[in-house]
Amino acid sequence: MKPTLFVLAAGMGSRYGGLKQLDGLGPGGETIMDYSIYDAVNAGFGKLVFVIRKSFENDFREKIVSKYEKKIPVELVFQELDNLPEGFTLNPDRVKPWGTNHAVMMGKEVIHEPFAVINADDFYGRESFKVLADFLSELAHSENRYCMVGYRVGNTLSESGTVARGICETDVEGNLTGVVERTQVMRVDGKVSYKDENDKWVPIGDNTPVSMNMWGFTPDYFRYSDDYFVQFLKENAGNIKAEFFIPLLVNNLTVSGKVTVKVLDTPSKWFGVTYAEDRPDVVAKLKDLAESGVYPSPLW
């Protein structure tokens, strides 16, 4: 059974400005998402599912879906603020999306096989899709065995400012034991460092695994998500900015011993447009990859 690629494309880039998912950065006008899908198809994924906002469905179908629907099955699902469990109503002051795991929950009606989750606006690299596809392809009838691609933190930084990274801890078997979200990570005096709760910079090794929101799940993950989202809403009823992130649920499931999450190492260098200032560098990197023959140009 071929796994599905689930692409989180509902967010608007507040720091970057505009709809990053539709920004043509490659030498042929390709989006970052185009490269991810190209790599995923070649790695053995068999279906695409995009989660987007209903408000830009027409634009997305015209510019994105039309490129793929003749090559691979494509589904669209929608993340909206008022998509809540029975018994809960939307606070009218709430404007912030419910977070990445709420977005994942939108796929439960169309995904019935092992699936990967990625961000639409991150460049992950072909090696990452290969290790992810290989792992997921062995999980056809499994439950409670998940994975994430653990990037080496030194391969994921921005030269334009600090970045947020989920810093991972693993056991001797390479299974995830915890993810701590650090909102300020950068090189300080040549060393990768994060700012801790006491406002101090803490150095870590370049090869420390971090989560770049590249996960692998089986469909039972939707059941856990539904159950825990109810608890999340009860605990955050008065917080209009609280978000239901994937690492929040994954941490809960691993600590409780309900699931295992294998951390898959990758040599790939992650990059993306976190800040507007990152755009020229990403354009240059994609051009170099095309000119060196790693990717064809145009891509499709």
Exercise. When only residues in the range 103-136 that are closer than 20 Å to GLU235 by Cβ and not small (Gly, Ala, Ser) count, which is surrounded by the most Cβ atoms within 10 Å (Cβ to Cβ)?
Worked result: VAL104
Exercise. From the residues in the range 164-190 that are among the hydrophobic types (A, V, I, L, M, F, W, C) and surrounded by fewer than 16 Cβ atoms within 10 Å (Cβ to Cβ), which one is farthest from THR274 (Cα to Cα)?
Worked result: VAL172
For this session: Go through (1) of a type in the set (S, T, N, Q); (2) surrounded by 17 or more Cβ atoms within 10 Å (Cβ to Cβ); (3) within 26 Å of LYS287 (Cβ to Cβ) one by one and return the number of the condition THR100 breaks.
Result: (3)
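Please tell me if ARG15 is at pLDDT below 95, in contact with a Phe, Trp or Tyr (Cβ under 7 Å, 6 or more places away or on another chain) and over 17 Å from ALA103 (Cβ atoms).
Values: at pLDDT below 95: yes; in contact with a Phe, Trp or Tyr (Cβ under 7 Å, 6 or more places away or on another chain): yes; over 17 Å from ALA103 (Cβ atoms): yes.
For ARG15, the condition - at pLDDT below 95, in contact with a Phe, Trp or Tyr (Cβ under 7 Å, 6 or more places away or on another chain) and over 17 Å from ALA103 (Cβ atoms) - is met.
Is it the case that GLU127 is charged (D, E, K, R) and farther than 19 Å from PRO209 by Cβ?
On the way: charged (D, E, K, R): yes; farther than 19 Å from PRO209 by Cβ: no.
Against the criterion (charged (D, E, K, R) and farther than 19 Å from PRO209 by Cβ), GLU127 does not qualify.
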Exercise. Is it true that some residue in the range 217-236 is at pLDDT 90 or above, assigned to a strand (DSSP E or B) and either of a type outside the set (D, E, K, R) or over 19 Å from the mean Cα position of the chain (by Cα) (or both)?
Worked result: yes
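So, in the range 187-216, how many residues would count as being among the hydroxyl-bearing types (Ser, Thr, Tyr) and not in a strand (DSSP E or B)?
Total satisfying the criteria: 1.
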For this session: Six or more apart or on different chains, Cβ under 6 Å: which pairs go from a residue in the range 191-204 that's touching a residue at least 24 places away in the same chain (Cβ under 8 Å) and surrounded by 14 or more Cβ atoms within 10 Å (Cβ to Cβ) to one that's of a type in the set (Phe, Trp, Tyr) and not in a loop (DSSP other than H, G, I, E, B)? Could you list them?
Result: LYS195/TRP201
For this session: May I ask you to list the residues in the range 97-122 that are more than 18 Å from the chain's Cα centre (by Cα) and either closer than 29 Å to GLY24 by Cβ or not in a loop (DSSP other than H, G, I, E, B) (or both)?
Result: VAL110
Problem set entry | Selected residue (criterion: farthest from the chain's Cα centre (by Cα)) from residues of the range 286-296 that are surrounded by fewer than 16 Cβ atoms within 10 Å (Cβ to Cβ) and not in a loop (DSSP other than H, G, I, E, B) | GLU291
For this session: Would you mind telling me which numbered condition in (1) in a loop (DSSP other than H, G, I, E, B); (2) among the aliphatic types (A, V, I, L, M); (3) surrounded by 16 or more Cβ atoms within 10 Å (Cβ to Cβ) VAL282 fails?
Result: (1)
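The values are calculated or read from the model by the stated rules, or taken from the named source; none is laboratory data. Remember, it's a predicted structure, so these values are computed and weren't measured experimentally. Ideal geometry is used to build each Cβ from the backbone, glycine not excepted, and the neighbour counts take in all protein chains shown.
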